[in-house]
């Protein structure tokens, strides 16, 4: 997948994570895209570390979404302090 595809998937995952997590998450488009991309990366490497995924496999859309929601919660804690 190219960089444009990665940005698009990151945007979709970031928007869904912000929609599914209750509360006010005021961030712009670029932060939403970065959140989705980081969630996907965290799910991929976390799944590999736990033995759920093997190297070279995609984490999957749901794994990326869960990773993005976790990062969104962490972002909320950091922003409050």
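Table for the structure above
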| item | result |
| --- | --- |
| Lone qualifier among 28, 23 - being at pLDDT 80 or above and either over 11 Å from residue 10 (Cβ atoms) or within 14 Å of the chain's Cα centre (by Cα) (or both) | 28 |
| Residues of segment 20-60 classified as surrounded by 10 or more Cβ atoms within 10 Å (Cβ to Cβ) and not in a loop (DSSP other than H, G, I, E, B), total | 21 |
| Exclusive hit being more than 14 Å from the chain's Cα centre (by Cα), at negative phi and modelled with pLDDT under 85, set 52, 78, 7 | 52 |
| Close pairs (8 angstrom Cβ cut-off, 6 or more residues apart or separate chains): under 11 Å from residue 35 (Cβ atoms) in segment 5-19, outside any helix (DSSP H, G or I) anywhere | 18/25; 18/27 |
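The values are calculated or read from the model by the stated rules, or taken from the named source; none is laboratory data. Because the structure is predicted, anything quoted here is derived from the model rather than measured. Because the Cβ atoms are built from the backbone with ideal geometry, glycine has one as well, and the counts that use them run over all protein chains shown.
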